[in-house]
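Undergrad: Take a look at the following structure, please.
The values are calculated or read from the model by the stated rules, or taken from the named source; none is laboratory data. Quantities reported herein were computed from a predicted structural model and do not represent experimental measurements. Cβ placement follows ideal geometry from the backbone for every residue including glycine, while neighbour counts extend to all protein chains displayed.
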Amino acid sequence: MASSIPTTREAVIIGGNRIPFSRAGKKYVRTSNQDMFTAALEGLVARFGLQGELLGEVVGGAVLKNSRNFNLIRESVLGSSLAPATPAYDLQQACGTGLEAAIAVTNKIKLGQIESAVAGGTDTISDAPIAVGDNLRRALLQASHARSTGDRIKALLPVLGHPKWLAPETPDTGEPRTGLSMGEHQALTTAKWGISREAQDEIALKSHQNLHRAWEEGFFDDLVTPFRGLSRDDNVRGDTSAEKLAKLKPVFGKSLTGDDGAPLPATMTAGNSTPLTDGASAVLFSSRDWAEERDLPVLAKFVDAETAGVDFVHGHEGLLMAPAAAVPRLLTRNGLTLEDIDFFEIHEAFASTVLTTLAAWEDEDYCRDELGLPGAFGKVDRSRLNVNGSSLAAGHPFAATGGRIVATAAKLVHAKAAETGSPARALISVCAAGGLGVTALVESA
Amino acid sequence: MTDSYTRFANGGFKPLVKKLGLPQPAILRRYKAGSPLTVGPVLVVSDDASAADGDAVAKVLAGWDLDVRRSADLAEGEKLGAVVLVLSGATHPEDVSAAVLTVGGTLRKLAGNGRVVAVSRAPEDGDAPALAATRAGVEGLVRSLGKELRGGSTANGVQLTDGAAVDSVSAVATLRFFLSAKSAYVDGQILPVGPSDASGQIDWDQPLAGKVAVVTGAARGIGAAIARTMARDGAKVVVVDVPPAGEALSAVANSVNGVALQLDVTADDAADKILAAAKPLGGLDILVHNAGITRDKLLANMKADRWDSVIAVNLASQLRINERLLEAGVEGLRIVSLASTSGIAGNKGQTNYGYSKAGVIGHTAATAPLVAAAGGTANAVAPGFIETEMTARIPFATRSVARMLPSLAQGGEPVDIAEAICFLASDPAAGVNGRTLRVCGQHLVGK
């Protein structure tokens, strides 16, 4: 450990629970974020016998929220079997929400402010908010502030003249500052790094095969609790193949051109991009003492974390490239290199996100010029990458992904350490909208 | 829930049902914390040779604040809650007639949901023929009387073995179970009870206080009822079911302040997972092998997967888990396995299920001495027709007939199975080992 990290006590991971992730518009159509997060919490409570337990804190969030979800996590706690006195708050950092929640609670545990906590997240596309346009919204607000019926009618009159104002605004995953969707942003990065269609499809294929195998092996028996009749992630396809993936038509980057003005091949398909998904996850953290007092299993330590941001607005860097900057800082601070990592859990927003990140770390110029490193950061051993699948197969309910990965990583390092007798480490990397990257280091306990 | 015919037969149509000679199932009285042990005074009757044992039993009953009578004379209109017939000292069949006929004279004064419990000794190797006949005869008496009683009343027998005293802990606990509303659906059964080391103050309201119990197949039905009843009796519970049943399982766990373990009991490492899950709660004390499946087919049409999966879940998993737990040397382990009346009387279309459930009865008897070495017991409970989601899928006519067959003329509730299991798993029942207790409302056929 580098001496620059102040000495604090450990925050450990006891275990996790999530509901199966489901493709948008399928099993969880009539299910809210609060329903899903409460279910994830209830499964966690049942797994570890936490009924009536007063936890230090429950932290999580959702990226897409209805206005009634203003106190989503607290409301979920109140609807759970945890002690109602357990405090909670919402947090939001786009797709980094779940992992950032883990960082927030583990820091409090490390500082001795709390003994135990749950971090997680939830997201639903199926129950996403639909807003009214600004013109209608202003008219409605003005009417609600009006003191007389006359004023109220006056406020609402303009709506009659503008029927178009009644059209709802559906949620948009586009970047507010560029207007580009995440896929189009990533298509730029993919093209910049010259990532091939085949390489992306291979990542997608591995993700499905690995996740399917993990399900078959029972890896998720103590990580997932069925919900609403769904007992497995419904996006995973164990029978997909390179041929099937190769048949899919590109959906992003269809009008890109090279420096010479010639069109570039579009490589990103629905197969190598994550589908919109519903789901929720929760992870139980504590001090070592708290776990030992209750004789609860300790899977891993949540060692350290690092976040980064990049300037994608002016086109200097790719939207989803921030983890490339965060990870070297994280590992260097902990005296580690990529070779010291046993499991790389790199969130697959798109197959090419993983590949451009790996390519960046292998690129000497990039590492020197952009990351300020003396040379290339290093090469990731592909056999250690997302060994039990990732978001391409599981799906990606934005805020729920962090919890999925943390619990999986903790179980992986625990099993590996038990098998080899020496410590095992996992690196977690999650890219997020707004040019953000959230990364963390987990080590067997 | 009481079935619709029982509700009908106890509603405004009760006189009509009686006049037409239709079955008259009673609303069975079930255990509620704080309610009296019996529905009225308890009469203790003994033959001359059992007078001292009769006194000892009466003394125990008086200690439970029961209104204990030694004479069959009742006030005008008074009803008895229970009759205990003590024949433990009888040595010749001709000795028992006075006591038995005295009991007969009281039956019209037995209240609804009343109890008749015989206390006798089991025939043993070396018994003289007359003694053996005296002892064996009690079983025929109890089973026949069970079929005669009305109004939800039952007849059962405590059968002392190996010189156990009538007021020894396990004999007393078994007598109490039969007298109580906890045995509502147990009828016509003889339970052999041996001596036990169990001692100390018995908390009859929380007989499982401080125990850690693991219940398999606990997401719904009988398993969920077992978990809830175990928790009611003071145990900390780990509920186990296959991963796809996890949603219901976690709801059960949270309702009993327990722990949910998503596990296929046929997995090789099931026993180790069970031990690990019980450890944080204080370590395994009680294991209830409840997980079971049916894959009915006539044997002529039986495919290998249907036969094999039933054997794997209902029988082989129990054997594998027990073996591993014995290896691990769990002290004082109390095992209760679910058998079935199908394993006793047989059932058309259930050769696989019947084999597995008869097998459970077999391995329970064989496991008993093995666990006894470490202070444990292994017993089984054989349910008859129980009202569950599973039996609700049986066609209406078949289901209705199945309900009418037992002496109690109705199906049992999951809680009836749970009560029997909690009794067998409790410390005071330590003298009951290797036995299969039927909870079947006295099913028409089978021993």
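Undergrad: Kindly indicate whether B:Gly114 is in a loop (DSSP other than H, G, I, E, B), crowded, with 19+ Cβ neighbours inside 10 Å and not hydrophobic (A, V, I, L, M, F, W, C).
TA: Considered against the rule, which asks whether it is in a loop (DSSP other than H, G, I, E, B), crowded, with 19+ Cβ neighbours inside 10 Å and not hydrophobic (A, V, I, L, M, F, W, C), B:Gly114 comes out as no.
Undergrad: Under the condition of being in contact with a strand residue (DSSP E or B) (Cβ under 9 Å, 6 or more places away or on another chain), among the hydrophobic types (A, V, I, L, M, F, W, C) and more than 30 Å from A:Ala187 (Cα to Cα), which residue from the stretch A:216-251 is surrounded by the fewest Cβ atoms within 10 Å (Cβ to Cβ)?
TA: Among them, the one singled out is A:Leu230.
Undergrad: Right, here's the next one. If B:Ala231 passes every condition in (1) under 20 Å from B:Ala339 (Cβ atoms); (2) within 14 Å of chain A (Cβ to nearest Cβ) but one, which one does it miss?
TA: Here B:Ala231 meets the rest and fails (1).
Undergrad: Counting only residues that are of a type outside the set (S, T, N, Q) and within 22 Å of A:His396 (Cβ to Cβ), how many does the stretch A:285-316 have? Quick ask: steps written out before the conclusion?
TA: Filtering the stretch A:285-316 down to residues of a type outside the set (S, T, N, Q) leaves A:285, A:288-306, A:308-316.
Of the ones still in play, those that are also within 22 Å of A:His396 (Cβ to Cβ) are A:302, A:305-306, A:308-310, A:312.
Here the count works out to 7.
Undergrad: Can you go through B:Asp205, B:Asp187 and tell me which one is part of a loop (DSSP other than H, G, I, E, B), at pLDDT below 95 and farther than 30 Å from A:Leu230 by Cα?
TA: Exactly one of B:Asp205, B:Asp187 is part of a loop (DSSP other than H, G, I, E, B), at pLDDT below 95 and farther than 30 Å from A:Leu230 by Cα, namely B:Asp205.
Undergrad: May I pose another question? Looking for whichever is in contact with a His (Cβ under 8 Å, 6 or more places away or on another chain), closer than 24 Å to B:Lys297 by Cβ and surrounded by 19 or more Cβ atoms within 10 Å (Cβ to Cβ) here; the options are B:Val360, B:Val336. Which one fits?
TA: The unique qualifying residue is B:Val360.
Undergrad: Now for a different question. Within the stretch B:53-66, does at least one residue satisfy the condition of being surrounded by fewer than 22 Cβ atoms within 10 Å (Cβ to Cβ) and more than 19 Å from B:Ala171 (Cα to Cα)?
TA: no
Undergrad: Could you give me the residue pairs with C-beta distances under 6 Å whose first residue belongs to the stretch B:205-219 and is on the phi > 0 side of the Ramachandran plot, whose second residue is of a type in the set (S, T, N, Q) wherever it lies, and which are 6+ apart or on separate chains?
TA: Matching pairs, first to second residue: B:Gly217/B:Asn290.
Undergrad: In the stretch B:282-290, is there at least one residue being surrounded by fewer than 22 Cβ atoms within 10 Å (Cβ to Cβ), in contact (Cβ under 8 Å) with a residue 60 or more places away in the chain, within 11 Å of chain A (Cβ to nearest Cβ) and not hydroxyl-bearing (Ser, Thr, Tyr)?
TA: Within the stretch B:282-290, one or more residues are surrounded by fewer than 22 Cβ atoms within 10 Å (Cβ to Cβ), in contact (Cβ under 8 Å) with a residue 60 or more places away in the chain, within 11 Å of chain A (Cβ to nearest Cβ) and not hydroxyl-bearing (Ser, Thr, Tyr).
Undergrad: May I pose another question? Under 8 Å between Cβ atoms, at least 6 apart or on separate chains: pull out the pairs that start in the stretch A:416-441 with a residue that is more than 19 Å from A:Leu336 (Cα to Cα) and end on any residue that is modelled with pLDDT under 95 and surrounded by fewer than 18 Cβ atoms within 10 Å (Cβ to Cβ).
TA: Short answer, once both residue conditions are applied: A:Ala433/A:Thr173; A:Gly435/A:Asp311; A:Gly435/A:Val313.
Undergrad: Residues that are at pLDDT 95 or above and on the phi < 0 side of the Ramachandran plot, at least 2 per element: which helices (runs of 4 or more DSSP H) completely within the stretch B:1-104 meet that? Please lay out each step first, then the result.
TA: Values: elements: B:4-9, B:14-19, B:51-63.
Qualifying helices (runs of 4 or more DSSP H): B:51-63.
Undergrad: Within the stretch A:120-148, which residues are hydrophobic (A, V, I, L, M, F, W, C), at pLDDT 85 or above and in contact with a Ser or Thr (Cβ under 8 Å, 6 or more places away or on another chain)?
TA: Of everything in the stretch A:120-148, just one residue is hydrophobic (A, V, I, L, M, F, W, C), at pLDDT 85 or above and in contact with a Ser or Thr (Cβ under 8 Å, 6 or more places away or on another chain), namely A:Ile125.
Undergrad: With respect to the numbered conditions (1) within 14 Å of chain A (Cβ to nearest Cβ); (2) surrounded by fewer than 23 Cβ atoms within 10 Å (Cβ to Cβ), which one is the sole condition not fulfilled by B:Trp204?
TA: All conditions are met except number (1).
Undergrad: Just to confirm my filter: which helices (runs of 4 or more DSSP H) fall fully inside the stretch A:28-113 and include at least 2 residues that are under 21 Å from B:Ala253 (Cα atoms), within 14 Å of chain B (Cβ to nearest Cβ) and of a type in the set (Gly, Ala, Ser)? Write out each step before concluding.
TA: On the way: elements: A:33-48, A:72-78, A:97-111.
Answer list for the stretch A:28-113: A:33-48.
Undergrad: On to the next question. Within the stretch A:368-375, can one find any residue that is outside any loop (DSSP other than H, G, I, E, B) and either touching an Asp or Glu at 6+ places or on another chain (Cβ under 7 Å) or among the hydrophobic types (A, V, I, L, M, F, W, C) (or both)? Reasoning before the result, please.
TA: We begin by selecting, within the stretch A:368-375, every residue outside any loop (DSSP other than H, G, I, E, B); these are A:368-369.
Of the ones still in play, those that are also either touching an Asp or Glu at 6+ places or on another chain (Cβ under 7 Å) or among the hydrophobic types (A, V, I, L, M, F, W, C) (or both) are none.
No, the stretch A:368-375 contains no residue that is outside any loop (DSSP other than H, G, I, E, B) and either touching an Asp or Glu at 6+ places or on another chain (Cβ under 7 Å) or among the hydrophobic types (A, V, I, L, M, F, W, C) (or both).
Undergrad: Continuing with this model, one more query. Could you please let me know if A:Gly271 is over 15 Å from the mean Cα position of the chain (by Cα) and either under 20 Å from A:Leu385 (Cβ atoms) or not in a helix (DSSP H, G or I) (or both)?
TA: Yes, satisfied.
Undergrad: Just to be sure, is A:Ser22 buried (at least 19 other Cβ atoms within 10 Å of the Cβ) and among the hydroxyl-bearing types (Ser, Thr, Tyr)?
TA: Judged against the criteria, A:Ser22 is a match.
Undergrad: Further question on the same structure: With crowded, with 24+ Cβ neighbours inside 10 Å and either at pLDDT below 95 or not in a helix (DSSP H, G or I) (or both) as the only criterion, which of B:Val119, B:Val138 stands out?
TA: Selected residue: B:Val119, the only one of B:Val119, B:Val138 that is crowded, with 24+ Cβ neighbours inside 10 Å and either at pLDDT below 95 or not in a helix (DSSP H, G or I) (or both).
Undergrad: Here's something else I'd like to know. Output the residues belonging to the stretch B:255-280 that are at the interface with chain A (Cβ under 7 Å from one of its Cβ atoms) and surrounded by fewer than 23 Cβ atoms within 10 Å (Cβ to Cβ).
TA: Once the filter is applied, which keeps residues that are at the interface with chain A (Cβ under 7 Å from one of its Cβ atoms) and surrounded by fewer than 23 Cβ atoms within 10 Å (Cβ to Cβ), the stretch B:255-280 yields B:Asn257, B:Lys279, B:Pro280.
Undergrad: Shifting gears a bit: Starting from the stretch B:325-344, take each residue that is more than 19 Å from B:Ile226 (Cβ to Cβ) and touching a residue at least 60 places away in the same chain (Cβ under 8 Å) and list its partners that are surrounded by fewer than 21 Cβ atoms within 10 Å (Cβ to Cβ) and not charged (D, E, K, R), counting only C-beta distances under 8 angstrom and pairs at least six apart or across chains.
TA: B:Ile344/B:Ala358; B:Ile344/B:Ile361; B:Ile344/B:Gly446
Undergrad: Return a yes/no flag: does the stretch A:224-238 have any residue that is away from every other protein chain (no Cβ under 14 Å) and of a type in the set (Asp, Glu).
TA: no
Undergrad: Can you tell me which residues in the stretch A:324-344 are closer than 13 Å to A:Ala440 by Cβ and β-branched (Val, Ile, Thr)?
TA: A:Val327, A:Ile341
Undergrad: For the stretch B:101-108, check the following and say yes or no: at least one residue is within 25 Å of B:Gln410 (Cβ to Cβ), out of contact with any Gly (no Cβ under 6 Å at 6 or more places or on another chain) and surrounded by fewer than 17 Cβ atoms within 10 Å (Cβ to Cβ).
TA: Scanning the stretch B:101-108, I find at least one residue that is within 25 Å of B:Gln410 (Cβ to Cβ), out of contact with any Gly (no Cβ under 6 Å at 6 or more places or on another chain) and surrounded by fewer than 17 Cβ atoms within 10 Å (Cβ to Cβ), so the answer is yes.
Table: residues versus (1) away from every other protein chain (no Cβ under 14 Å); (2) within 19 Å of A:Thr190 (Cβ to Cβ); (3) surrounded by fewer than 23 Cβ atoms within 10 Å (Cβ to Cβ).
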| residue | (1), (2), (3) |
| --- | --- |
| A:Ser273 | yes, yes, no |
| A:Leu276 | yes, no, yes |
| A:Ser287 | yes, no, yes |
| A:Phe302 | yes, no, no |
| A:Gly315 | yes, yes, yes |
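Undergrad: Among the listed residues A:Arg384, A:Arg368, identify the single one that is assigned by TED's automatic domain parsing to the domain that holds A:Leu319, more than 17 Å from the chain's Cα centre (by Cα), touching a residue at least 40 places away in the same chain (Cβ under 8 Å) and surrounded by fewer than 24 Cβ atoms within 10 Å (Cβ to Cβ).
TA: Step by step, each of A:Arg384, A:Arg368 is checked, and only A:Arg384 is assigned by TED's automatic domain parsing to the domain that holds A:Leu319, more than 17 Å from the chain's Cα centre (by Cα), touching a residue at least 40 places away in the same chain (Cβ under 8 Å) and surrounded by fewer than 24 Cβ atoms within 10 Å (Cβ to Cβ).
Undergrad: A:Asp259: more than 20 Å from A:Pro20 (Cα to Cα), over 24 Å from the mean Cα position of the chain (by Cα), surrounded by fewer than 14 Cβ atoms within 10 Å (Cβ to Cβ) and of a type in the set (Asp, Glu), yes or no? Reasoning before the result, please.
TA: Details: more than 20 Å from A:Pro20 (Cα to Cα): yes; over 24 Å from the mean Cα position of the chain (by Cα): yes; surrounded by fewer than 14 Cβ atoms within 10 Å (Cβ to Cβ): yes; of a type in the set (Asp, Glu): yes.
So A:Asp259 fits the description; yes.
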